[in-house]
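K.L.:
Have a look at this one before I ask anything.
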Amino acid sequence: WTTFFLLNTVFISTGFNGLYIVFIGSAPEHHCLVPDANLTAGWGDAAIPVRVVDGEAVRSQCSRYRLDVLRNLSALGYVPGRDVNLSGLSQEPCLDGWTYSKAIYQSTIVTEWDLVCDNQWKVPFASSTLFVGYLLGSLISGQLSDRFGRKKVLFVSLAAQCMAVLLQSFSHSWRMFCVMFLFIGASQISLYISAFVLGTELLSKTMRVIFCMLGEWRTLLAVLAATSVVYIPLWWFIPESPRWLVTQGRSDEAEQIVRDAARRNGVEAPAVIFKEAEVLSETKKYTMLDVLRSRNIRCITLMCLVLWMAINIGYFGLSLNTSNLSGDPFMNCFLSAISEVPAYVVSAWLLKKCPRRRLLSIFLLIGGGVLLLIQFIPETLQSVALALEMTGKFGFTMAFGTVYIYTAELYPTVIRNVGMGMCSSAARVGSITAPYVIYLGTYNKILPYIVMGSLTMVSCVVNLFLPETLNKDLPETIDQMQQCNWWVIFIVDMCHTMQRPSDVCRFLLQLVQSTEEGKVLRK
């Protein structure tokens, strides 16, 4: 329980740093700045063009009427709208910058560096740099953790995250902000994966399920950086993974940790904790190539990559979209976050007794199906659309938590961190894509939901091909790893060799009669 709570406190910092871009990257209402150019009050107010959007008059955000023309008309004493038809006047871009509303935000990176109109693309790009960092951190941290230990990589990543967020708060340009965001992403995902794998290998089966389900803009970043410092003393309270130590041939250190745990729990440890057969004599260093070398591991890994990518597009897409929803952005973000609490509670309870594969498919159906329904909700029922989006977030959150523990149970200890790192890398490709999927909403509000919903339904089908891990021992070596559903591979291989459709049908019928998955296929 001590280790459980200490590791979960570390996850709090990753939650902060993963989503503060929702606020500091928000674009307040804005229009072109009209400097004092000898204009009357009437012409100053009329300098911004007005267009009708969905029946409402909206001021242009990226253009204004030419000031030299307005200045001449104002000097002649003309009244806008009465003496002059404004729609016939020529326009120009915002040459003097923009004026931003401070009704919600005092300042964001958008107002700081004018990331609007032609520079609007820089906001989703900045969001993507965090996930590019996730991608790099996922690739590197897995191998470092397998080589130097989960605990060391965890605390080095924690210190790096703290420093990167603090430096980002002093960013003097958009480029520096993006570079620091990349380092924040790399250190944060390294911290998250290392702590996750450490908890997976340290905790018992029951607690493992619960554990795997839980984890002015400059001033905001400085405060968030300070929160990471308080976790440094946990180095002396969180132990290294005994499973990893055994795989490295360091059984004496592993035994000391287990005996200390027995003493704390009031349990008498046996004279011999690790039998000779359990202690791995080889200390081979595994890499990403080992994850792809075996046909079985390659099959499982490729399907996991698709799952992680689709789930992350949906999860982060909905999370980053909260500032674009109608209503108060802080309340929307709160509702989006609060929907995750019952999702984790429900999924944690179900994972104790229900098959992982079946649960994950149901969660994906909830998340993807709801998103596909949003396009049929009329514009007048915004509250219904918001409720459906929160329901979709509920489904993606349950899928997000489930896929972590499902993947961790599929991979053996010797390559678990490498495997998790590769899956996390695929997830980062999805995360990098998520801001641009949301950006599609500038062309059509429904388009992001169609894309996210369709990808989720495809991943739901892919999930059916993975082996079940419920009530199975956590594998230690590659030989102990569960086998992929070979009938899927056989079908693919045989379809390349058969010529007549009748042969294909006959082969499939014979194959599905002898497999559990075949029952599902026949239905």
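K.L.:
Ordered by residue, what ³J(HN,Hα) values in Hz, to whole numbers, does the range 198-203 give under the Karplus form 6.51 cos²θ - 1.76 cosθ + 1.60, where θ = phi - 60° and Gly and Pro are x?
P.N.:
4, x, 4, 8, 8, 8
K.L.:
OK, next. Excluding ligands, DNA and RNA, what is the solvent-accessible area per residue of the range 388-435 at a probe of 1.4 Å, expressed in Å²?
P.N.:
Per-residue value: 10 Å².
K.L.:
What does the charge count around residue 399 come to, taking other residues whose C-beta lies under 14 Å from its C-beta (Lys +1, Arg +1, Asp -1, Glu -1)?
P.N.:
Neighbour charge sum, excluding residue 399 itself: +3.
K.L.:
With 27 Å as the cut-off, how large is the P(r) tail for the range 1-156, expressed as percent of Cα-Cα pairs?
P.N.:
Values: 5947 of 12090 pairs.
Percentage above 27 Å: 49.
K.L.:
Expressed as cubic angstrom per residue, what is the convex hull volume of the alpha carbon set of the range 364-435?
P.N.:
Here the figure is 83 Å³ per residue.
K.L.:
Long-range amide H contacts for residue 84: which residues qualify at under 5 Å (H placed 1.01 Å from N, peptide plane, sequence gap of 5 or more or a different chain)?
P.N.:
79
K.L.:
Something else about it: Given a 1.4 Å probe and the protein chains all in place, what does the accessible area of residue 4 round to, in Å² to the nearest 10?
P.N.:
Roughly 10 Å² of residue 4 is accessible to a 1.4 Å probe.
K.L.:
Rank these residues by their accessible area, most exposed first, probe 1.4 Å: 196, 237.
P.N.:
237, 196
K.L.:
A further question follows. Quick check: residue separation of residue 328 and residue 253 times 0.36 nm, minus the Cα distance between them. What number comes out in nm? Spell out each step's value before the answer.
P.N.:
Numbers: separation 75, 0.36 × 75 = 27.00 nm, distance 5.33 nm.
Fully extending the segment from residue 328 to residue 253 adds 21.7 nm.
K.L.:
Suppose R0 equals 41 Å. What FRET efficiency, 1/(1 + (r/R0)^6) with r the Cβ-Cβ distance, do residue 268 and residue 5 give to the nearest 0.05? Provide the component values of the computation, followed by the final result.
P.N.:
Numbers: r = 25 Å, r/R0 = 0.61.
For R0 = 41 Å, the calculated efficiency reads 0.95.
K.L.:
Please identify which residues in the range 190-204 have an amide N closer than 12 Å to a label point set 7 Å out from the Cα of residue 140, following the Cα→Cβ vector.
P.N.:
The answer is 190-191.
K.L.:
So, one more: Quick check: net charge around residue 244, other residues with Cβ under 12 Å of its Cβ, Lys/Arg +1 and Asp/Glu -1? Mind showing how you got there, number by number?
P.N.:
Numbers: positive: 147, 150, 151, 152, 243, 250, 416; negative: 146, 201, 240, 253, 476.
Its environment carries a net charge of +2.
K.L.:
Quick one: Cα convex hull volume of the range 87-178, Å³ per residue?
P.N.:
With only Cα atoms used, the range 87-178 gives 132 Å³ per residue.
K.L.:
Could you go through the range 439-447 in sequence order and give the Karplus-derived ³J(HN,Hα) for each residue, using 6.51 cos²θ - 1.76 cosθ + 1.60 with θ = phi - 60°, rounded to whole Hz, and x for Gly and Pro?
P.N.:
Computed from phi, the couplings for the range 439-447 are 5, 4, x, 5, 9, 8, 4, 7, 4 Hz.
K.L.:
For residue 365 paired with residue 78, estimate the spin-label separation in nm (one decimal), with each label point 7 Å from Cα along the Cα-to-Cβ line.
P.N.:
6.6
K.L.:
A follow-up question, please. State the Cα centre-to-centre distance between the range 56-97 and the range 334-394 in whole Å.
P.N.:
Computed from Cα coordinates, the inter-centre distance equals 48 Å.
K.L.:
With θ set to phi - 60° and the Karplus curve 6.51 cos²θ - 1.76 cosθ + 1.60, what are the ³J(HN,Hα) couplings of the range 386-394 in order, to the nearest whole Hz, using x for Gly and Pro?
P.N.:
Per residue, the Karplus-derived 3J(HN,Hα) values read 5, 5, 5, 5, 5, 5, x, 4, 4 Hz.
K.L.:
Counting Lys and Arg as +1 and Asp and Glu as -1, what is the net charge of the other residues whose Cβ lies under 14 Å from the Cβ of residue 157?
P.N.:
Net of charged neighbours comes to +3.
The values are calculated or read from the model by the stated rules, or taken from the named source; none is laboratory data. Since we're looking at a predicted model, the values are computed, not measured. Glycine gets a Cβ as well: all are built from the backbone with ideal geometry, and neighbour counts include every protein chain shown. Surface accessibility is based on the protein's heavy atoms, side chains included, excluding ligands, DNA and RNA. Shrake-Rupley method; radii C 1.70, N 1.55, O 1.52, S 1.80 Å.
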